[in-house]
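Peer 1: Dumping the structure here so I can ask a few things about it.
The values are calculated or read from the model by the stated rules, or taken from the named source; none is laboratory data. For clarity, every value in this text was computed on a predicted model and none was experimentally measured. For neighbour counting, all protein chains shown are included, and Cβ atoms are generated from backbone atoms with ideal geometry for every residue, glycine included.
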Amino acid sequence: MGIPAIWPTLRCADSRALIGFLESAFGFEASLVVPDGEGSGVIHAQLLWPLGGGVMLGDARSGDADHLALPSGPVSIYVVTDQPDALHDRAVAAGARVVRGLRDEEYGSRGFSCLDPEDNVWSFGTYSGE
C-alpha cells in the first residue's frame with residue numbers, strides 16, 4: 001500500500017500532553033517529536049497508528065506569523081481499528097471522554113467516539129472504506 005499520503009494535522013495548546021494521551025488512550029506511537037527552542041513545547045510531532053497512517057501535531061504558537069493563518073480548534077478524525085472493544089476499554093481506562101458509546105452501525109462497522117484533552121473527536125471503527 002505504500003507510504004500514507006494523508007496525515008491529519010492538529011494545532012494544540014499542549015502538544016506534549018496530547019501526545020501522552022494519544023499514546024496511552026489509543027496506542028499511537030510517537031515516531032518524531034521536534035521540541036521548540038526552549039525545550040518545553042513542540043514544533044512538530046508525528047504519531048503512527050499501528051494499522052498504518054498517523055497524525056502530525058504541534059503547538060499553536062501565537063507569536064509565529066507562519067502559523068497565525070492556519071486554523072485551530074477541534075477536529076473530527078476517523079481511525080480504522082480491528083479491535084474496537086479492547087480499544088474502547090483502553091480509552092476509557094485512560095480517561096477518554098466517550099461521546100458515542102461502543103455500538104454496531106447499520107453499515108457494518110463497530111466502533112465508538114470520544115474526546116481528547118483538546119476536545120478533538122476521535123472515532124474508531126472497523127469500517128475501512130472497502
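Peer 1: I'd like to verify a number: residues in segment 89-130 that are outside any loop (DSSP other than H, G, I, E, B) and of a type in the set (S, T, N, Q), how many?
Peer 2: Of the residues in that region, 2 qualify.
Peer 1: Give the residues of segment 1-12 that are farther than 20 Å from residue 124 by Cβ and at pLDDT below 90, sorted by residue number.
Peer 2: Of everything in segment 1-12, those that are farther than 20 Å from residue 124 by Cβ and at pLDDT below 90 turn out to be 2, 3, 5.
Peer 1: Restricting attention to segment 113-130, and to residues there that are touching a Pro at 6+ places or on another chain (Cβ under 8 Å) and touching a residue at least 60 places away in the same chain (Cβ under 8 Å), which single residue is surrounded by the most Cβ atoms within 10 Å (Cβ to Cβ)?
Peer 2: 124
Peer 1: Between a first residue in segment 10-27 that is under 19 Å from residue 84 (Cβ atoms) and a second residue that is small (Gly, Ala, Ser) and assigned to a strand (DSSP E or B), which pairs have beta carbons less than 9 Å apart while being 6 or more apart in sequence or on different chains?
Peer 2: Note: pairs meeting the criteria are 22/30; 23/30.
Peer 1: For a quick check of your reading of the model, give me the residue pairs whose first member lies in segment 73-97 and is over 30 Å from residue 61 (Cβ atoms), whose second is part of a strand (DSSP E or B) and of a type in the set (Val, Ile, Thr), with beta-carbon atoms closer than 8 Å and at least 6 apart or on different chains.
Peer 2: 88/98; 92/98
Peer 1: Give the residues of segment 10-57 that are among the β-branched types (Val, Ile, Thr) and in a strand (DSSP E or B), sorted by residue number.
Peer 2: Across segment 10-57, the qualifying residues are 33, 34, 42, 43, 55.
Peer 1: For residue 110, all conditions in the list (1) over 14 Å from residue 77 (Cβ atoms); (2) exposed (fewer than 14 other Cβ atoms within 10 Å of the Cβ) hold save one; what is the number of the exception?
Peer 2: For residue 110, the failing item is (2).
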